[in-house]
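This report refers to the structure that appears directly beneath it.
The values are calculated or read from the model by the stated rules, or taken from the named source; none is laboratory data. None of the values given here were measured: they were computed from a predicted structure. Note that we place each Cβ from the backbone using ideal geometry, even for glycine, and neighbour counts take in every protein chain shown.
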Amino acid sequence: MSSGETKWDPIGGGGFLSAGMDFLGCINFGPSFGYFMIPKNNNGELLDDEAKFVSLIPFGLQTNFFFYPAARIEFSLGGAAGFGIAKNGASSHFAPWYRGFADLGLRLNPHWTVGAGASYFAYQNNSWVGNPGIAGLTVGLALKFHLETERKSSGAGSVECTSDIPDSLFPLFYTMYKENPFGTIYIKNNESAEIRNVTVTFRAEGYTSSELKCGSISSIRKRKVKEVPFFADFSKKILGFTEASKIPGEIIVSYDLLGERKTSISSVIIPVYNRTQVRWNDPQALAAYISSSAPEVLEVSKVLVGIARTKLRSGVNRNLQFAMYLLEGLRIAGMKCESDFETPYNRFHLDEALLDSIQYPCDTIFYNGGDCDDIGILTMTLLESVGIHGAYIPIDDDFIVLFDTGVEMDKADRYFNGTSRILDIDGNVWIPLSMRSLQEGFINSWHNAAKVINMMLETEADLTLVPLEDAWKLYPSNGFSTINDNDKDKKNINFNVDEKRLVASAEVDMARYVATEFGPKIEKVQNVIKNGGENADNYNQLGMLYVRAGMYKEATQVYKKSANMGNVTAMNNLGNIASLHKDYLEAKKWYERAIQKDPDNESAKKNLERIMGELE
């Protein structure tokens, strides 16, 4: 190092220790300290007590601009200035100094960088500038340590997350958001290098069951943005919202930066509707309201079906009888089907843009009423609670519920007089019910619904049939119930129904069903008998019609006529009726008589064996 003078050796040694703060991600500013030892050119000629070198001790401020041309490469360019002490033996000299430098380093990890640097260093003599006593180029090694001073948890990173949620979330569908995205998460890499093995998760304390992975990204280049779908594993607590609200949550991004695992956490606010709201852009969505295991529903079905079981007629379709008691039970209990003043079904279900409010079954039970879609959802829930599959058809001014009788279509004539009041769905007989006609009783509700459907089919009007089993595949039940210790809106359900009135109403319905579906058939066989067809087969056929209609007294009378004419089938049937009424001695008599007439009759033998077991 020299400045036109030859008293200094061109080779010396030393170094700088600098500290600084980063600003704007590209500027560093702070203090700088150094020490240099410059040998004298004639140090070999000096006496032992004479100083053979001069020591420079600079101190001052430095600033530099730095950037990363590649993930592991750091380049910085800067300058420094200050005052320093030059010691030559016992004498000292204070003077300003200046330095310009450039460093090129290899980043081992986010903290350590090693590299090389070059600089121009000028130590002034007796002036501020222009008269360097020592000046020249320096080259050497550089070692940098980066310390994160921002208050973050260990391993915290600098990744920015934003989200786009186009609409508020529906608590009704909370289970679906685990597999169906409700928005998009954008991840911007603000780190100083490319990040790899990026994993994005979401959590909302108290409102999520787990921290759910939203997506993975192999790498994101510096300053670039990538996106992943927004998923969440919400818990049932989201069903506690009785009005629109917001959920605070966190997006967690974990990634590798230069071999070190880091984590960045961003806050996010999730808007939600209240738990009853939905749009009619897909009628299948109503399936999410239907939970056949809700305690309130089970309580009501237990009461109504319990009464029905004591009155079941073995010849009449079981599902039809249960449906009859369930619908009549709601009517007798005072359930009202009334238009919702704020969100009327007639208008809201026809406009996909409107936000409708629909009651859960437990709410309809509690309020003892609702719009026709509310009543329909409750009815289907009750049917499903006793194992009867349901479906529904939303139409302009009514909501039609259908239930599966379990009867195959090719056997429909055993229970129904023609097909004008039933529907063939996947080979089974289904019965429609009009919710608007709830107050008119089961039979009118059935017949009114059948008329509307037939008219729509004849005019080729749009008709949307939604089987629950299919709809649940897209919109699973959320299982909402207010009978929950953690639910602030807990409602006590105390369902009571006048059993005598219910049984009387159901018996009227049964009489109408028999008159409508079996009356014409019975009358036809009776006319055949009156007009010369008085034989065993015709009496037996008439007896079977009476049994299917639940008219056992009448069936017994005509079966006896057939049996007295030698009809073995009639004898078996008489034994079956007696067995059904637990008159085992009477049943034994008829089975024995059938075997006496036909010793190879296996049906009579098995029935007799069973009866003998009862008599023992």
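Scanning segment 416-431 for residues that are free of Cβ contacts under 8 Å to residues at least 12 places away in the same chain and crowded, with 21+ Cβ neighbours inside 10 Å yields no hits at all. At pLDDT 90 or above, among the aliphatic types (A, V, I, L, M) and either assigned to a strand (DSSP E or B) or closer than 27 Å to LEU258 by Cβ (or both): does that describe ALA95? Spelling it out, it is not the case that ALA95 is at pLDDT 90 or above, among the aliphatic types (A, V, I, L, M) and either assigned to a strand (DSSP E or B) or closer than 27 Å to LEU258 by Cβ (or both).
One residue is enough: does segment 398-416 have a residue meeting the conditions part of a loop (DSSP other than H, G, I, E, B), farther than 30 Å from GLN541 by Cβ and over 27 Å from the mean Cα position of the chain (by Cα)? No, that holds for no residue.
In segment 459-481 there is at least one residue that is touching a strand residue (DSSP E or B) at 6+ places or on another chain (Cβ under 7 Å), loosely packed, with under 15 Cβ neighbours inside 10 Å, in contact (Cβ under 8 Å) with a residue 12 or more places away in the chain and not polar (S, T, N, Q). As a summary of the residue check, SER434 satisfies the conditions (1) crowded, with 16+ Cβ neighbours inside 10 Å; (2) touching a residue at least 60 places away in the same chain (Cβ under 8 Å) except for the one numbered (2).
Which count do you get for residues in segment 194-222 that are of a type in the set (Ser, Thr, Tyr) and free of Cβ contacts under 8 Å to residues at least 24 places away in the same chain?
The first filter runs over segment 194-222 and keeps only residues of a type in the set (Ser, Thr, Tyr), leaving 199, 201, 207-210, 216, 218-219.
Still in the running and free of Cβ contacts under 8 Å to residues at least 24 places away in the same chain: 210, 216, 218.
Qualifying residue count for the region: 3.
Listed by position, the helices (runs of 4 or more DSSP H) enclosed by segment 240-359 that each have at least 3 residues that are β-branched (Val, Ile, Thr) are 295-309. When restricted to residues that are crowded, with 18+ Cβ neighbours inside 10 Å and over 60 Å from the mean Cα position of the chain (by Cα), segment 559-578 contains 5. Sub-6 Å Cβ pairs linking a first residue in segment 12-32 that is within 18 Å of GLY100 (Cβ to Cβ) to a second residue that is at pLDDT 85 or above and of a type in the set (Val, Ile, Thr), at least 6 apart or interchain, are PHE29/THR63, ordered by first then second residue. Among the criteria (1) under 30 Å from PHE23 (Cα atoms); (2) of a type outside the set (Gly, Ala, Ser); (3) touching a Leu at 6+ places or on another chain (Cβ under 9 Å); (4) without any contact (Cβ under 8 Å) to a residue 60 or more places away in the chain, the one GLU191 does not fulfil is (4). Name the single residue, out of those in segment 20-40 being in contact with a Pro (Cβ under 9 Å, 6 or more places away or on another chain) and farther than 18 Å from LEU77 by Cβ, that is surrounded by the most Cβ atoms within 10 Å (Cβ to Cβ). Across segment 20-40, the extreme among qualifying residues is PHE36.
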